[in-house]
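One structure is given below, encoded as structure tokens.
Quick note: the coordinates plus some simple rules give every number you see, no bench work behind them. In this text the structure is predicted, and so the values were computed from the model without any measurement. Positions of Cβ are generated from backbone atoms using ideal geometry, with glycine treated the same way; all protein chains shown enter the neighbour counts.
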Amino acid sequence: MNVRIEKIETDGVFQLDGGSWEVTNNVWLLGNDSEVVVIDAAHDARAIAAAVGDRQLVAIVCTHAHNDHINAAFDLADAVSGPAPVLLHPDDGALWDQTYPDRSPDGALTDGETLTVADTVVQVLHTPGHAPGAVSLYVPSLGVVFTGDTLFEGGPGATGRSFSSYDVIVSSIRQVLFALPDETVVHTGHGPDTTIAAERKNLTDNTSE
């Protein structure tokens, strides 16, 4: 199988509700020497394409449609060996349209579906709250989950802006992500990794039941 996880960091600007913030994003690559999936094509298509190299890009998977997670998606698709469809949960259409008003994603992600790369199964988990169509990507054979901006080291992602809900994100974390094994490593959209066990304690300590 020889599947591996790679991370590159890209810098850019997150824009929403009339505000702008400089951010550093984690861009994740999952695959082997022949093919790869990119999770959240952020800011710098050239840097991500260099990390992909001459491998076939099976898909560009968007954990949600905030601009800083999708703004390099189509440039990346054009720069690498395809097919490289850009995939998004349809509930994030309103956010998507703020970045790409004239172009739709190439395909829809649905809760419970599976993607396969390098003979490795990736499970799509709908985890709304930070955004209506936010998804997490669980890889059982590797014991990892890619949570985008739903869960970070220290707790839930931000919910103070349009299309977000604190109650919904906490429900997603408790009902979906906390159903995963405690030892599952959480690869986040920004910042360091954590584990389900660590964040179970953080959420218990910092939120009311």
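Some values worked out for this structure:
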{"quantity": "Distant-in-sequence amide H partners of Gln56 (H built 1.01 Å from N, under 5 Å)", "calculated": "Glu35, Val36"}
{"quantity": "Cα-Cα P(r), the chain, percent of pairs per 10 Å interval", "calculated": "9, 38, 38, 13, 1"}
{"quantity": "Selection from Leu125, Val135, Phe163, by position along the positive dipole direction of the range 105-209 (Cβ)", "calculated": "Phe163"}
{"quantity": "R0 of 25 Å, Cβ-Cβ distance Ser20-Asp97: FRET efficiency to nearest 0.05", "calculated": "0.85"}
{"quantity": "Mean Cα-pair separation over length for the range 91-207, i.e. relative contact order, pairs under 8 Å, 6 or more apart, %", "calculated": "21 percent"}
{"quantity": "Size of electric dipole in the range 56-209: Cβ of Lys, Arg +1 and of Asp, Glu -1, about Cα centre, debye, nearest 20", "calculated": "140 debye"}
{"quantity": "Positive-pole candidate from Gln98, Ala45, Val23, dipole of the range 1-132, charges at beta carbon", "calculated": "Ala45"}
{"quantity": "Rounded to 5, the percent of DSSP beta bridges in the range 9-74 classed as antiparallel", "calculated": "70 percent"}
{"quantity": "Helical segments meeting 20 Å axial Cα length and Kyte-Doolittle -0.5 threshold in the chain (DSSP H)", "calculated": "none"}
{"quantity": "Check: the range 1-146 dipole with +1 on Lys, Arg Cβ and -1 on Asp, Glu Cβ, in debye", "calculated": "280 debye"}
